[in-house]
1. Would you mind telling me the share, in percent, of accessible area of the chain contributed by carbon and sulfur at probe 1.4 angstrom?
2. When you count, for each residue, the other Cβ atoms within 10 Å and take the mean per peptide, how do 215-226, 156-167 rank with the highest first?
3. Roll a 1.4 Å probe over the protein chains and send me the accessible area per residue for segment 5-244 in Å².
4. List the lysines whose alpha-carbon lies under 23 Å from that of residue 55, not counting same-chain residues fewer than 8 positions away?
5. Sort the following peptides by mean Cβ neighbour count (other Cβ atoms within 10 Å, averaged over residues), highest first: 93-100, 184-191.
6. Let me check against my output: what whole-number percent is the relative contact order of segment 1-60, with C-alpha pairs under 8 Å and at least 6 apart?
7. For helix 150-162, report the angle its Cα long axis makes with the longest principal axis of the Cα atoms of the chain; keep it between 0 and 90° and round to the nearest 10°.
8. How do 21, 194, 71 rank by accessible surface area computed with a 1.4 Å probe, from largest to smallest?
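The values are calculated or read from the model by the stated rules, or taken from the named source; none is laboratory data. Keep in mind it's a predicted model, so treat the numbers as computed, not measured. Note that each Cβ is placed from the backbone with ideal geometry, even for glycine, and that neighbours are counted across all protein chains shown. Side chains are part of the model used for accessible areas, which takes the heavy atoms of the whole protein and leaves out ligands, DNA and RNA. Shrake-Rupley method; radii C 1.70, N 1.55, O 1.52, S 1.80 Å.
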Amino acid sequence: MSDYFHIRDVHKDFSGLKVLTGASFHVREKERHAVIGPNGAGKTTLFNIMSGKLKPSCGAVVFKGKDISGTQPYVLNRRGLSRSFQITNIFQELSVFDNILSGVRSRHELRYHFFKRPERHRDIMDKVEAIVEEVGLADVKHQPASSLSYGQQRALEIGVTLSTEPELILLDEPTAGMTRDETARAVKLIARVTAGRTLIIIEHDMDVVFSLADTISVLHYGTILMSDTPEKVSCNQRVKDAYLGEEAAC
Ligand SMILES: Nc1ncnc2c1ncn2[C@@H]1O[C@H](COP(=O)(O)OP(=O)(O)OP(=O)(O)O)[C@@H](O)[C@H]1O
Ligand SMILES: [Mg+2]
């Protein structure tokens, strides 16, 4: 099994409440991997552990052969891992362009000790323009984030995630609260911007999961019930009993 990204026997307690009780799964490089599970199953807790916001009580998160458990998110960013939150985390008062610019600049300053040379400046501006275009916000790039629709704000959030040039992207319920149309647009956007990258997505909407994921891990009572292709997961009796129900297409 590849060791690109690996959750190994992760446990997490919150003052005695056992939320994760030995969760393990592997993600291959360039795979689109979805984590599903009922409300309160511990998906966001797992997400926070994968992205360094929380430290596991025991167990490990391994990225490219290194144990990154509890490593600060900004350090993980430099190593190529970028996350987007279940709760929108963009700067509301800044324009679309400036939100993305702040991410691109942080990446370049960290990597190159960015000097104020005009050609470097041009480079950065071109990168910001390319991301604005990629997430479909060119028409509103000078507007403050606060003036955008909910779907556009989530697209901006994905743009901010891309601004650090990640190879591994973690998304926690990127379509939560969206209309059907916004969700369809978001799925296309996520498929496009994660091409050639690795994606781990936590998602409730099964249409989204089945249109994006190559592999699905089912989180149930703190452990991973199974980790397999969408076809195998949707046909598995234990998964139907625990989560999907009998109507799951199979
Ligand atoms: N910081 C915390 N302190 C105490 N309990 C917590 C904390 N964070 C999460 N929990 C508890 O852990 C359990 C799992 O929560 P979590 O948010 O990880 O679930 P989830 O699967 O993401 O749920 P949802 O589907 O609603 O997004 C819940 O019972 C929650 O109340
Ligand atoms: Mg959650």
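1. The value for the chain is 52 percent carbon and sulfur by accessible area.
2. 156-167, 215-226
3. 46 Å²
4. The reachable lysines, counting only those whose Cα sits under 23 Å from residue 55, are 12, 18, 43, 64, 66.
5. 93-100, 184-191
6. 40 percent.
7. 80 degrees
8. 21, 71, 194
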